[in-house]
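Notes follow once the structure below has been shown.
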Amino acid sequence: MGFYAEPWLREARDKIDSFPKENVGANFGQAGFDKLAEAVDKAIKAALIESHGSLPQQHDHTKLVSICESTGVWDILPPALRGLVQEVESYRSTKANPPNSSSESSGEQLRQYFFVARRLIDYMEFHVIGNDSVLKRLKVA
């Protein structure tokens, strides 16, 4: 793992690991989706920090799709991970309830999002940060 990215990825994993794997009620939806959004944000920015050594000010915002598109991250993300990034940005921009906010479906949907977020963190660590040829393709500065 990269020197600069390690604390960011650890923090992203901590956010995801704090999510209960079972018995998620509707009241956890908003707080859970906030944790999910923070973890996705940290994972994406970890790759940028590893590539550049720091996070340039023009990328220090919450519009994740824009960050991904302008740096080249979007081009290397698989479709499922792109979908997660879009959902997180949509949630953050509208400050709406998490998608499918009914109690039973909300818990299951949130579990699925957290599963995909774990995959995103692993993908950023092993396929982006851990692969110099991919990391060098990012246009951070």
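Would you check which residues across segment 10-33 are modelled with pLDDT of 90 or more and either in contact with a helix residue (DSSP H, G or I) (Cβ under 7 Å, 6 or more places away or on another chain) or of a type in the set (Asp, Glu) (or both) and list them?
Result: 11, 12, 13, 14, 15, 16.
Go through segment 69-90 and give me each residue that's touching a helix residue (DSSP H, G or I) at 6+ places or on another chain (Cβ under 7 Å), farther than 20 Å from residue 13 by Cα and touching a residue at least 24 places away in the same chain (Cβ under 8 Å).
71, 72, 76
Say we look at segment 106-141 and pick out the residues that are of a type in the set (S, T, N, Q) and assigned to a helix (DSSP H, G or I); which of these is nearest to residue 80 (Cα to Cα)?
Only one residue fits best here, namely 112.
Between residues in segment 117-141 that are in contact (Cβ under 8 Å) with a residue 40 or more places away in the chain and of a type in the set (Ser, Thr, Tyr) and residues that are surrounded by 14 or more Cβ atoms within 10 Å (Cβ to Cβ) and assigned to a helix (DSSP H, G or I), which pairs lie under 9 Å by C-beta distance while being six or more apart or on different chains?
Filtered contacts from segment 117-141: 123/43; 123/76; 123/81.
Can you say whether residue 55 is assigned to a loop (DSSP other than H, G, I, E, B), among the aliphatic types (A, V, I, L, M) and either in contact with a Ser or Thr (Cβ under 8 Å, 6 or more places away or on another chain) or modelled with pLDDT under 90 (or both), as far as the supplied structure shows?
Answer is yes for this residue.
Considering only segment 36-84, how many residues are closer than 17 Å to residue 112 by Cα, hydrophobic (A, V, I, L, M, F, W, C) and over 11 Å from the mean Cα position of the chain (by Cα)?
Adding up the residues that qualify gives 1.
The values are calculated or read from the model by the stated rules, or taken from the named source; none is laboratory data. This is a predicted model, so every value here is computed, not measured. Cβ atoms come from the backbone with ideal geometry, glycine included; neighbour counts cover every protein chain shown.
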